[in-house]
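The values are calculated or read from the model by the stated rules, or taken from the named source; none is laboratory data. In this text the structure is predicted, and so the values were computed from the model without any measurement. Counting neighbours? That spans all protein chains shown, and the Cβs are built from the backbone with ideal geometry, glycine included. Note: accessible area is taken over every heavy atom of the protein model, side chains too, but ligands, DNA and RNA are not part of it. Shrake-Rupley method; radii C 1.70, N 1.55, O 1.52, S 1.80 Å.
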Amino acid sequence: MYQKIAIIIFVGLVLSACVGTQSMLTEDQPLKGVNITIDPGHGATEAYDSFRIGPTGEREEWINLRVAKILSRKLTLAGANVLMTRTKDRDVSLGGRAALAKQHGSDLFVSIHHNGSQNDPSIDLPIVYFYGSAILNPASVDFAKILIDSLRAGLIFRQQQDGAVYSDHLIYSSGTSVLRNTIGDMPGVIGEAGFFTNPAGEGRLKSKDYNKLEADIYYQAILEYFNRGTPFATCLLADSLKYIDLSRPIEFELDDGFGNTFFEENSFMIFQDGVQLQSHWDSNSGILTATPDSSTENSVSFQVFARNIQGNAMHPAPFSFFTAAGYEWYSLENWFEAFKEAEVLFNQIHGENIEPSAHLMGQIDSALHLYQLSLELQIVHPRARIAEERILWILQQKQAFSEDDLSEAIEAQKNRIKNYYPE
Ligand SMILES: [Zn+2]
(Lines give C-alpha, C1' and ligand atoms only; values in the text may rest on other atoms or scores of the structure.)
Protein backbone atom coordinates (compact mmCIF):
# COMPACT_ATOMS: atom_id res chain seq x y z
CA MET A 1 0.00 0.00 0.00
CA TYR A 2 2.85 2.39 0.91
CA GLN A 3 4.40 1.84 -2.47
CA LYS A 4 1.17 2.61 -4.27
CA ILE A 5 0.72 5.91 -2.46
CA ALA A 6 4.27 6.84 -3.35
CA ILE A 7 3.57 6.03 -6.99
CA ILE A 8 0.37 8.10 -7.01
CA ILE A 9 2.28 11.10 -5.70
CA PHE A 10 5.03 10.53 -8.24
CA VAL A 11 2.56 10.21 -11.14
CA GLY A 12 0.82 13.35 -9.93
CA LEU A 13 4.11 15.25 -9.95
CA VAL A 14 5.02 14.05 -13.41
CA LEU A 15 1.58 15.01 -14.71
CA SER A 16 1.62 18.48 -13.24
CA ALA A 17 5.13 18.96 -14.59
CA CYS A 18 3.88 17.90 -18.03
CA VAL A 19 0.94 20.23 -18.14
CA GLY A 20 2.96 23.07 -16.62
CA THR A 21 4.48 24.77 -19.62
CA GLN A 22 3.76 24.60 -23.30
CA SER A 23 7.40 24.55 -24.41
CA MET A 24 8.10 21.63 -22.14
CA LEU A 25 5.25 19.67 -23.73
CA THR A 26 6.71 20.13 -27.19
CA GLU A 27 10.22 19.19 -26.04
CA ASP A 28 9.00 16.09 -24.31
CA GLN A 29 6.84 14.89 -27.20
CA PRO A 30 3.88 14.16 -24.90
CA LEU A 31 2.09 12.16 -27.61
CA LYS A 32 5.03 9.94 -28.50
CA GLY A 33 3.83 6.46 -29.41
CA VAL A 34 0.18 7.54 -29.70
CA ASN A 35 -1.57 6.69 -33.00
CA ILE A 36 -4.26 9.16 -34.02
CA THR A 37 -6.49 9.25 -37.09
CA ILE A 38 -7.75 12.65 -38.22
CA ASP A 39 -10.64 12.41 -40.66
CA PRO A 40 -11.53 15.60 -42.54
CA GLY A 41 -15.19 15.04 -43.51
CA HIS A 42 -16.42 14.82 -47.14
CA GLY A 43 -14.27 15.94 -50.11
CA ALA A 44 -14.65 16.71 -53.82
CA THR A 45 -18.42 17.13 -53.70
CA GLU A 46 -18.49 20.54 -55.42
CA ALA A 47 -19.96 19.16 -58.67
CA TYR A 48 -23.11 17.78 -57.09
CA ASP A 49 -23.51 18.90 -53.45
CA SER A 50 -25.32 22.22 -53.04
CA PHE A 51 -26.08 21.71 -49.33
CA ARG A 52 -22.72 21.82 -47.56
CA ILE A 53 -22.03 25.39 -48.56
CA GLY A 54 -22.16 28.75 -46.75
CA PRO A 55 -23.99 31.90 -47.90
CA THR A 56 -20.92 33.28 -49.71
CA GLY A 57 -19.82 29.93 -51.16
CA GLU A 58 -17.41 28.51 -48.57
CA ARG A 59 -17.68 24.70 -48.59
CA GLU A 60 -17.67 22.54 -45.46
CA GLU A 61 -15.14 20.08 -46.89
CA TRP A 62 -12.61 22.91 -47.41
CA ILE A 63 -12.93 24.15 -43.82
CA ASN A 64 -12.66 20.56 -42.51
CA LEU A 65 -9.45 19.99 -44.45
CA ARG A 66 -7.80 23.27 -43.41
CA VAL A 67 -8.46 22.62 -39.71
CA ALA A 68 -7.40 18.96 -40.01
CA LYS A 69 -4.09 19.84 -41.69
CA ILE A 70 -3.11 22.36 -39.00
CA LEU A 71 -4.14 19.91 -36.26
CA SER A 72 -2.23 17.07 -37.89
CA ARG A 73 0.99 19.15 -37.95
CA LYS A 74 0.64 20.07 -34.28
CA LEU A 75 0.03 16.47 -33.25
CA THR A 76 3.00 15.26 -35.29
CA LEU A 77 5.25 17.83 -33.61
CA ALA A 78 4.04 16.48 -30.27
CA GLY A 79 5.29 13.03 -31.28
CA ALA A 80 1.99 11.39 -32.35
CA ASN A 81 1.78 9.06 -35.36
CA VAL A 82 -0.93 10.84 -37.32
CA LEU A 83 -2.92 9.40 -40.18
CA MET A 84 -5.09 11.73 -42.27
CA THR A 85 -7.87 9.95 -44.19
CA ARG A 86 -7.48 12.58 -46.92
CA THR A 87 -5.00 15.43 -47.47
CA LYS A 88 -6.59 16.90 -50.60
CA ASP A 89 -10.07 17.89 -51.76
CA ARG A 90 -10.93 14.38 -52.80
CA ASP A 91 -13.56 11.84 -51.84
CA VAL A 92 -12.76 8.82 -49.67
CA SER A 93 -15.55 6.32 -48.99
CA LEU A 94 -16.86 6.11 -45.45
CA GLY A 95 -15.88 2.44 -45.22
CA GLY A 96 -12.42 3.34 -46.52
CA ARG A 97 -11.94 5.96 -43.82
CA ALA A 98 -12.80 3.44 -41.08
CA ALA A 99 -10.54 0.80 -42.65
CA LEU A 100 -7.61 3.25 -42.74
CA ALA A 101 -8.12 4.13 -39.07
CA LYS A 102 -8.10 0.45 -38.13
CA GLN A 103 -5.01 -0.35 -40.21
CA HIS A 104 -3.26 2.54 -38.44
CA GLY A 105 -3.96 0.89 -35.06
CA SER A 106 -5.42 4.18 -33.88
CA ASP A 107 -5.79 5.05 -30.22
CA LEU A 108 -8.28 7.79 -31.13
CA PHE A 109 -10.39 8.67 -34.18
CA VAL A 110 -11.32 12.32 -34.68
CA SER A 111 -13.60 13.22 -37.57
CA ILE A 112 -13.65 16.94 -38.30
CA HIS A 113 -16.88 18.43 -39.62
CA HIS A 114 -18.84 21.67 -39.57
CA ASN A 115 -22.55 21.95 -39.44
CA GLY A 116 -25.24 23.38 -41.70
CA SER A 117 -28.95 24.10 -41.38
CA GLN A 118 -31.06 24.34 -44.51
CA ASN A 119 -33.95 26.16 -42.90
CA ASP A 120 -32.50 28.29 -40.11
CA PRO A 121 -29.41 30.42 -40.85
CA SER A 122 -29.43 31.82 -37.30
CA ILE A 123 -28.31 28.48 -35.81
CA ASP A 124 -24.67 28.41 -34.71
CA LEU A 125 -23.50 26.08 -31.95
CA PRO A 126 -20.95 23.30 -31.42
CA ILE A 127 -21.86 19.58 -31.31
CA VAL A 128 -19.69 16.55 -30.64
CA TYR A 129 -21.07 13.12 -31.54
CA PHE A 130 -20.07 9.71 -30.16
CA TYR A 131 -21.32 6.31 -31.33
CA GLY A 132 -24.28 4.58 -29.73
CA SER A 133 -24.94 4.47 -26.02
CA ALA A 134 -22.89 6.60 -23.59
CA ILE A 135 -22.73 3.78 -21.02
CA LEU A 136 -21.29 1.32 -23.54
CA ASN A 137 -18.94 3.85 -25.15
CA PRO A 138 -17.45 5.68 -22.15
CA ALA A 139 -13.98 6.51 -23.51
CA SER A 140 -15.42 8.29 -26.56
CA VAL A 141 -17.74 10.23 -24.27
CA ASP A 142 -14.81 11.21 -22.01
CA PHE A 143 -12.99 12.72 -24.97
CA ALA A 144 -16.20 14.27 -26.37
CA LYS A 145 -16.81 16.08 -23.06
CA ILE A 146 -13.28 17.50 -22.92
CA LEU A 147 -13.66 18.63 -26.54
CA ILE A 148 -17.09 20.26 -26.21
CA ASP A 149 -16.02 22.21 -23.10
CA SER A 150 -12.91 23.45 -24.93
CA LEU A 151 -14.85 24.38 -28.08
CA ARG A 152 -17.42 26.33 -26.09
CA ALA A 153 -14.75 28.10 -24.07
CA GLY A 154 -12.44 28.91 -26.97
CA LEU A 155 -14.60 29.58 -30.05
CA ILE A 156 -17.41 32.00 -30.85
CA PHE A 157 -20.99 30.79 -31.40
CA ARG A 158 -24.34 32.51 -31.63
CA GLN A 159 -25.88 29.93 -29.23
CA GLN A 160 -22.79 29.39 -27.08
CA GLN A 161 -24.76 27.68 -24.29
CA ASP A 162 -26.62 25.22 -26.51
CA GLY A 163 -23.66 23.18 -27.70
CA ALA A 164 -23.62 19.60 -26.43
CA VAL A 165 -22.38 16.04 -26.73
CA TYR A 166 -24.88 13.70 -28.45
CA SER A 167 -25.12 10.10 -29.59
CA ASP A 168 -24.83 9.73 -33.37
CA HIS A 169 -27.99 7.63 -33.21
CA LEU A 170 -29.76 10.97 -33.24
CA ILE A 171 -28.54 11.46 -36.83
CA TYR A 172 -29.09 7.91 -38.14
CA SER A 173 -30.84 5.09 -36.31
CA SER A 174 -27.80 2.85 -36.80
CA GLY A 175 -25.29 5.63 -36.06
CA THR A 176 -22.71 7.12 -38.39
CA SER A 177 -20.69 4.83 -40.65
CA VAL A 178 -17.21 6.05 -39.59
CA LEU A 179 -17.92 5.75 -35.85
CA ARG A 180 -19.85 2.48 -36.13
CA ASN A 181 -17.06 0.88 -38.14
CA THR A 182 -14.22 1.99 -35.83
CA ILE A 183 -15.88 1.48 -32.43
CA GLY A 184 -14.71 -2.13 -32.07
CA ASP A 185 -11.10 -0.91 -32.10
CA MET A 186 -10.84 2.66 -30.78
CA PRO A 187 -12.74 5.53 -29.18
CA GLY A 188 -13.82 8.22 -31.62
CA VAL A 189 -15.90 11.34 -32.13
CA ILE A 190 -17.27 13.57 -34.86
CA GLY A 191 -16.67 17.23 -34.02
CA GLU A 192 -18.91 19.92 -35.52
CA ALA A 193 -17.32 23.20 -34.43
CA GLY A 194 -19.89 25.67 -35.73
CA PHE A 195 -22.39 26.29 -38.56
CA PHE A 196 -21.16 27.42 -41.98
CA THR A 197 -24.77 28.31 -42.92
CA ASN A 198 -24.71 31.07 -40.29
CA PRO A 199 -23.40 34.21 -42.08
CA ALA A 200 -21.17 35.33 -39.19
CA GLY A 201 -20.13 31.71 -38.57
CA GLU A 202 -19.12 31.26 -42.20
CA GLY A 203 -17.12 34.48 -42.02
CA ARG A 204 -15.14 33.14 -39.07
CA LEU A 205 -14.68 29.64 -40.53
CA LYS A 206 -13.23 31.15 -43.74
CA SER A 207 -10.44 32.81 -41.77
CA LYS A 208 -7.16 30.93 -41.48
CA ASP A 209 -6.56 32.42 -38.02
CA TYR A 210 -9.88 31.08 -36.78
CA ASN A 211 -9.05 27.67 -38.31
CA LYS A 212 -5.75 27.75 -36.37
CA LEU A 213 -7.61 28.58 -33.17
CA GLU A 214 -10.00 25.67 -33.73
CA ALA A 215 -7.13 23.27 -34.50
CA ASP A 216 -5.41 24.39 -31.32
CA ILE A 217 -8.54 23.63 -29.29
CA TYR A 218 -8.69 20.12 -30.74
CA TYR A 219 -4.97 19.73 -30.02
CA GLN A 220 -5.29 20.81 -26.37
CA ALA A 221 -8.30 18.51 -25.89
CA ILE A 222 -6.37 15.55 -27.33
CA LEU A 223 -3.40 16.34 -25.04
CA GLU A 224 -5.64 16.55 -22.01
CA TYR A 225 -7.30 13.25 -22.90
CA PHE A 226 -4.01 11.35 -23.25
CA ASN A 227 -2.52 13.07 -20.18
CA ARG A 228 -5.18 11.34 -18.11
CA GLY A 229 -3.87 7.99 -19.31
CA THR A 230 -5.72 5.48 -21.47
CA PRO A 231 -6.44 2.37 -19.39
CA PHE A 232 -6.47 -1.03 -21.06
CA ALA A 233 -7.11 -4.70 -20.33
CA THR A 234 -5.21 -7.80 -21.39
CA CYS A 235 -7.02 -11.12 -21.48
CA LEU A 236 -5.06 -13.78 -19.61
CA LEU A 237 -5.57 -16.65 -22.01
CA ALA A 238 -2.73 -18.48 -23.71
CA ASP A 239 -2.40 -17.36 -27.35
CA SER A 240 -2.07 -20.97 -28.37
CA LEU A 241 -5.68 -21.69 -27.31
CA LYS A 242 -7.91 -22.09 -30.33
CA TYR A 243 -11.09 -21.62 -28.31
CA ILE A 244 -12.26 -20.66 -24.88
CA ASP A 245 -13.44 -23.02 -22.15
CA LEU A 246 -16.48 -21.27 -20.73
CA SER A 247 -16.63 -23.54 -17.70
CA ARG A 248 -13.58 -21.74 -16.27
CA PRO A 249 -13.33 -18.18 -14.92
CA ILE A 250 -12.02 -15.58 -17.36
CA GLU A 251 -9.30 -13.16 -16.18
CA PHE A 252 -8.23 -9.73 -17.40
CA GLU A 253 -5.13 -7.89 -16.30
CA LEU A 254 -5.84 -4.16 -16.07
CA ASP A 255 -3.49 -1.22 -16.57
CA ASP A 256 -4.58 2.33 -15.73
CA GLY A 257 -2.53 3.76 -18.59
CA PHE A 258 0.51 4.50 -16.39
CA GLY A 259 1.65 0.94 -15.73
CA ASN A 260 -0.33 0.88 -12.48
CA THR A 261 -3.69 -0.33 -11.22
CA PHE A 262 -5.27 2.80 -9.79
CA PHE A 263 -8.93 2.70 -10.78
CA GLU A 264 -12.09 4.28 -9.45
CA GLU A 265 -13.81 1.97 -7.00
CA ASN A 266 -16.90 0.24 -8.38
CA SER A 267 -16.07 1.24 -11.95
CA PHE A 268 -15.33 -2.35 -12.99
CA MET A 269 -17.65 -4.29 -15.27
CA ILE A 270 -17.35 -7.27 -17.58
CA PHE A 271 -19.98 -7.85 -20.26
CA GLN A 272 -20.43 -11.11 -22.12
CA ASP A 273 -22.23 -10.52 -25.43
CA GLY A 274 -23.85 -7.40 -24.01
CA VAL A 275 -24.92 -8.92 -20.68
CA GLN A 276 -23.13 -7.91 -17.50
CA LEU A 277 -21.41 -10.65 -15.51
CA GLN A 278 -20.65 -10.68 -11.82
CA SER A 279 -16.97 -9.69 -11.59
CA HIS A 280 -14.30 -9.52 -8.93
CA TRP A 281 -11.45 -6.99 -8.78
CA ASP A 282 -8.23 -7.77 -6.97
CA SER A 283 -6.30 -4.52 -6.59
CA ASN A 284 -3.15 -6.32 -5.43
CA SER A 285 -2.78 -8.43 -8.54
CA GLY A 286 -4.57 -5.96 -10.83
CA ILE A 287 -6.73 -8.76 -12.15
CA LEU A 288 -10.44 -8.61 -12.85
CA THR A 289 -12.18 -12.00 -12.90
CA ALA A 290 -15.62 -13.23 -13.93
CA THR A 291 -17.38 -16.55 -14.36
CA PRO A 292 -18.74 -16.69 -17.90
CA ASP A 293 -22.17 -17.86 -18.93
CA SER A 294 -21.40 -21.23 -20.46
CA SER A 295 -24.60 -21.55 -22.50
CA THR A 296 -23.21 -19.47 -25.40
CA GLU A 297 -23.04 -21.37 -28.68
CA ASN A 298 -20.44 -20.74 -31.40
CA SER A 299 -18.68 -17.53 -30.52
CA VAL A 300 -18.48 -15.24 -27.55
CA SER A 301 -17.18 -11.77 -26.86
CA PHE A 302 -16.26 -9.97 -23.65
CA GLN A 303 -15.96 -6.26 -22.95
CA VAL A 304 -14.15 -4.83 -19.94
CA PHE A 305 -15.04 -1.52 -18.32
CA ALA A 306 -13.06 0.43 -15.71
CA ARG A 307 -12.21 4.06 -15.03
CA ASN A 308 -8.77 5.21 -13.84
CA ILE A 309 -8.36 7.72 -11.04
CA GLN A 310 -7.54 10.47 -13.53
CA GLY A 311 -11.12 10.03 -14.79
CA ASN A 312 -10.51 8.26 -18.10
CA ALA A 313 -12.56 5.18 -18.94
CA MET A 314 -11.15 2.13 -20.68
CA HIS A 315 -12.36 1.75 -24.25
CA PRO A 316 -14.34 -1.53 -24.14
CA ALA A 317 -12.97 -3.06 -27.33
CA PRO A 318 -14.39 -6.59 -27.53
CA PHE A 319 -12.29 -9.72 -26.85
CA SER A 320 -13.81 -12.33 -29.15
CA PHE A 321 -13.38 -16.09 -29.00
CA PHE A 322 -14.78 -19.27 -30.44
CA THR A 323 -16.34 -21.72 -28.07
CA ALA A 324 -15.32 -25.36 -28.48
CA ALA A 325 -18.46 -25.98 -30.57
CA GLY A 326 -17.86 -22.82 -32.61
CA TYR A 327 -14.27 -23.78 -33.30
CA GLU A 328 -15.35 -27.16 -34.58
CA TRP A 329 -18.11 -25.62 -36.68
CA TYR A 330 -15.71 -23.09 -38.16
CA SER A 331 -12.79 -25.43 -38.75
CA LEU A 332 -15.02 -27.97 -40.43
CA GLU A 333 -16.11 -25.09 -42.65
CA ASN A 334 -19.73 -26.13 -42.56
CA TRP A 335 -20.73 -22.60 -43.43
CA PHE A 336 -18.49 -22.71 -46.48
CA GLU A 337 -20.61 -25.44 -48.10
CA ALA A 338 -23.28 -22.92 -49.02
CA PHE A 339 -20.67 -20.72 -50.69
CA LYS A 340 -19.17 -23.64 -52.63
CA GLU A 341 -22.58 -24.76 -53.87
CA ALA A 342 -23.33 -21.19 -54.92
CA GLU A 343 -20.02 -21.06 -56.82
CA VAL A 344 -20.96 -24.16 -58.82
CA LEU A 345 -24.32 -22.63 -59.74
CA PHE A 346 -22.68 -19.29 -60.49
CA ASN A 347 -20.25 -20.89 -62.94
CA GLN A 348 -23.19 -22.53 -64.72
CA ILE A 349 -25.05 -19.24 -65.22
CA HIS A 350 -21.98 -17.09 -65.80
CA GLY A 351 -21.40 -18.34 -69.37
CA GLU A 352 -21.12 -15.90 -72.25
CA ASN A 353 -24.26 -16.82 -74.18
CA ILE A 354 -26.87 -17.16 -71.51
CA GLU A 355 -30.47 -17.00 -72.73
CA PRO A 356 -33.32 -16.17 -70.38
CA SER A 357 -35.44 -19.20 -69.53
CA ALA A 358 -37.51 -20.43 -66.62
CA HIS A 359 -34.74 -22.88 -65.78
CA LEU A 360 -32.12 -20.14 -65.78
CA MET A 361 -34.23 -17.86 -63.62
CA GLY A 362 -34.59 -20.72 -61.13
CA GLN A 363 -30.81 -21.18 -61.07
CA ILE A 364 -30.29 -17.44 -60.64
CA ASP A 365 -32.63 -17.39 -57.65
CA SER A 366 -31.02 -20.43 -55.99
CA ALA A 367 -27.51 -19.06 -56.47
CA LEU A 368 -28.58 -15.72 -55.01
CA HIS A 369 -30.17 -17.49 -52.05
CA LEU A 370 -27.08 -19.62 -51.43
CA TYR A 371 -24.71 -16.65 -51.50
CA GLN A 372 -26.91 -14.76 -49.09
CA LEU A 373 -27.04 -17.81 -46.87
CA SER A 374 -23.24 -18.22 -46.93
CA LEU A 375 -22.85 -14.58 -45.90
CA GLU A 376 -25.24 -15.04 -43.02
CA LEU A 377 -23.37 -18.12 -41.87
CA GLN A 378 -19.84 -16.85 -42.27
CA ILE A 379 -17.89 -15.34 -39.41
CA VAL A 380 -15.08 -13.50 -41.16
CA HIS A 381 -13.68 -14.72 -44.42
CA PRO A 382 -11.97 -13.09 -47.42
CA ARG A 383 -14.46 -14.90 -49.65
CA ALA A 384 -17.21 -12.73 -48.25
CA ARG A 385 -16.33 -9.98 -50.71
CA ILE A 386 -16.51 -12.44 -53.61
CA ALA A 387 -19.97 -13.55 -52.49
CA GLU A 388 -21.08 -9.91 -52.28
CA GLU A 389 -19.83 -9.25 -55.82
CA ARG A 390 -21.55 -12.39 -57.11
CA ILE A 391 -24.79 -11.22 -55.54
CA LEU A 392 -24.44 -7.91 -57.38
CA TRP A 393 -23.82 -9.66 -60.70
CA ILE A 394 -26.77 -12.02 -60.19
CA LEU A 395 -29.07 -9.14 -59.27
CA GLN A 396 -28.02 -7.34 -62.46
CA GLN A 397 -28.65 -10.45 -64.55
CA LYS A 398 -32.02 -10.96 -62.93
CA GLN A 399 -32.87 -7.35 -63.67
CA ALA A 400 -31.89 -7.81 -67.33
CA PHE A 401 -33.96 -10.96 -67.73
CA SER A 402 -37.09 -10.10 -65.77
CA GLU A 403 -39.75 -7.44 -65.46
CA ASP A 404 -38.92 -6.82 -61.79
CA ASP A 405 -37.48 -3.47 -60.81
CA LEU A 406 -34.38 -4.41 -58.80
CA SER A 407 -32.65 -1.03 -59.05
CA GLU A 408 -32.95 -0.36 -55.31
CA ALA A 409 -31.50 -3.73 -54.36
CA ILE A 410 -28.68 -3.27 -56.91
CA GLU A 411 -27.86 0.18 -55.59
CA ALA A 412 -27.91 -1.09 -51.99
CA GLN A 413 -25.61 -3.97 -52.91
CA LYS A 414 -23.17 -1.61 -54.67
CA ASN A 415 -23.08 0.60 -51.58
CA ARG A 416 -22.59 -2.40 -49.34
CA ILE A 417 -19.53 -3.50 -51.32
CA LYS A 418 -18.15 0.04 -51.36
CA ASN A 419 -18.70 0.67 -47.65
CA TYR A 420 -17.88 -2.68 -46.11
CA TYR A 421 -15.18 -3.97 -48.43
CA PRO A 422 -13.00 -0.99 -49.35
CA GLU A 423 -10.21 -1.95 -51.72
ZN1 LIG B 1 -20.05 17.13 -42.49
Task: Distant-in-sequence amide H partners of Ile123 (H built 1.01 Å from N, under 5 Å) - done: none
TODO: Would you mind pulling out the separation of the Cα centroids of segment 93-118 and segment 183-206, in Å?
DONE: 13 Å
TODO: From largest accessible area down, sort Tyr48, Tyr327; use a 1.4 Å probe on the protein chains.
DONE: Tyr48, Tyr327
- [ ] Return one quarter of the surface area of the convex hull spanned by the alpha-carbon atoms of segment 31-227, equal to its mean projected area, in nm².
- [x] 10.1 nm²
TODO: Averaging sequence separations of C-alpha pairs under 8 Å and six or more residues apart, then dividing by the length of segment 217-320, give the relative contact order as a whole percent.
DONE: 31 percent
Open item on the list: What number comes out for accessible area per residue over the chain if the probe is 1.4 Å? Units Å², please.
Closed with: 50 Å²
Open item on the list: Over the chain, with a Gaussian network built from C-alpha contacts below 10 Å, which listed residue (Asn64, Asn353, Asn181) shows the highest mean-square fluctuation?
Closed with: Asn353
TODO: Quick one: what are the phi-derived ³J(HN,Hα) couplings along segment 252-257, Karplus 6.51/-1.76/1.60 with θ = phi - 60°, whole Hz, x for glycine and proline?
DONE: 10, 8, 9, 10, 7, x
TODO: Take the chain, connect every pair of alpha-carbon atoms lying under 10 Å apart with a spring to form a Gaussian network, then pick out the residue of Glu411, Glu61, Glu214 with the largest mean-square fluctuation.
DONE: Glu411
Open item on the list: Give me, ordered by chain and number, the residues 5 or more places off Asn35 or on other chains with an amide H under 5 Å from its own placed amide H.
Closed with: Asn81, Asp107
TODO: Be a star and scan segment 79-117 for residues whose amide nitrogen sits under 14 Å from the point 7 Å along the Cα-to-Cβ vector of Glu46.
DONE: 88-91
TODO: Go through Ile146, Ser294, Asn415 and say which Cα lies farthest out towards the positive end of the charge dipole of the chain; charges sit on Cβ, +1 for Lys and Arg, -1 for Asp and Glu.
DONE: Ile146
TODO: Name the residue, out of Gln399, Gln413, Gln160, whose mean-square fluctuation peaks in a Gaussian network model built on the chain with Cα pairs under 10 Å.
DONE: Gln399
TODO: Could you pull out every residue, at least 5 positions away or on a different chain, whose amide H is within less than 5 Å of the one on Val165? Hs are placed 1.01 Å off N in the peptide plane, and Pro or chain starts have none.
DONE: Val128
- [ ] Give a residue-ordered list of calculated ³J(HN,Hα) values for segment 133-139 (Karplus: 6.51 cos²θ - 1.76 cosθ + 1.60, θ = phi - 60°; whole Hz; x for Gly, Pro).
- [x] 8, 4, 5, 8, 10, x, 5
TODO: Quick one: pull the percent of accessible area on the chain belonging to carbon and sulfur, 1.4 Å probe, ligands and nucleic acids left out.
DONE: 52 percent
- [ ] For Glu389 and Ile171, calculate 0.36 nm times their separation in residues minus their Cα-Cα distance, and state this gained length in nm to one decimal.
- [x] 75.5 nm
Task: Kirkwood Rh (inverse of mean 1/r, distinct Cα pairs), the chain, angstrom - done: 24.4 Å
Task: Peptides ranked, highest mean first, by Cβ atoms within 10 Å: ranges 402-410, 260-268, 93-101, 357-365 - done: 93-101, 260-268, 357-365, 402-410
Open item on the list: Using a 1.4 angstrom probe on the protein heavy atoms only, could you order His114, His169, His369 from most to least accessible area?
Closed with: His369, His169, His114
Task: Partner lysines for Lys88 [C-alpha distance under 30 Å; skip if fewer than 8 residues away on the same chain] - done: Lys32, Lys69, Lys74, Lys102, Lys145, Lys206, Lys208, Lys212, Lys414, Lys418
- [ ] Divide by every residue of the chain the summed helix terms, -39500 (n - 2.57) for each DSSP H run of at least 4, and state the resulting mean residue ellipticity at 222 nm, rounded to the nearest 500 deg cm²/dmol.
- [x] -13500 deg cm²/dmol
Task: Solvent-accessible surface ranking, highest first, for Asp185, Asp209, Asp39 at 1.4 angstrom - done: Asp209, Asp185, Asp39
TODO: Using only alpha carbon pairs under 8 Å that are at least six residues apart, calculate the relative contact order of the chain and give it in whole percent.
DONE: 13 percent
- [ ] Calculate one ³J(HN,Hα) per residue across segment 183-189 by plugging θ = phi - 60° into the Karplus curve 6.51 cos²θ - 1.76 cosθ + 1.60, and present them in order as whole Hz with x for glycine and proline.
- [x] 4, x, 10, 7, x, x, 9
TODO: Once you have the Cα-Cα distance between His359 and Asp209, take 0.36 nm times their residue separation minus that, and quote the gain in nm to one decimal.
DONE: 47.2 nm
Open item on the list: For Cα pairs less than 8 Å apart in space and 6+ apart in sequence, what is the mean separation divided by the residue count of segment 31-227, i.e. the relative contact order in percent?
Closed with: 30 percent
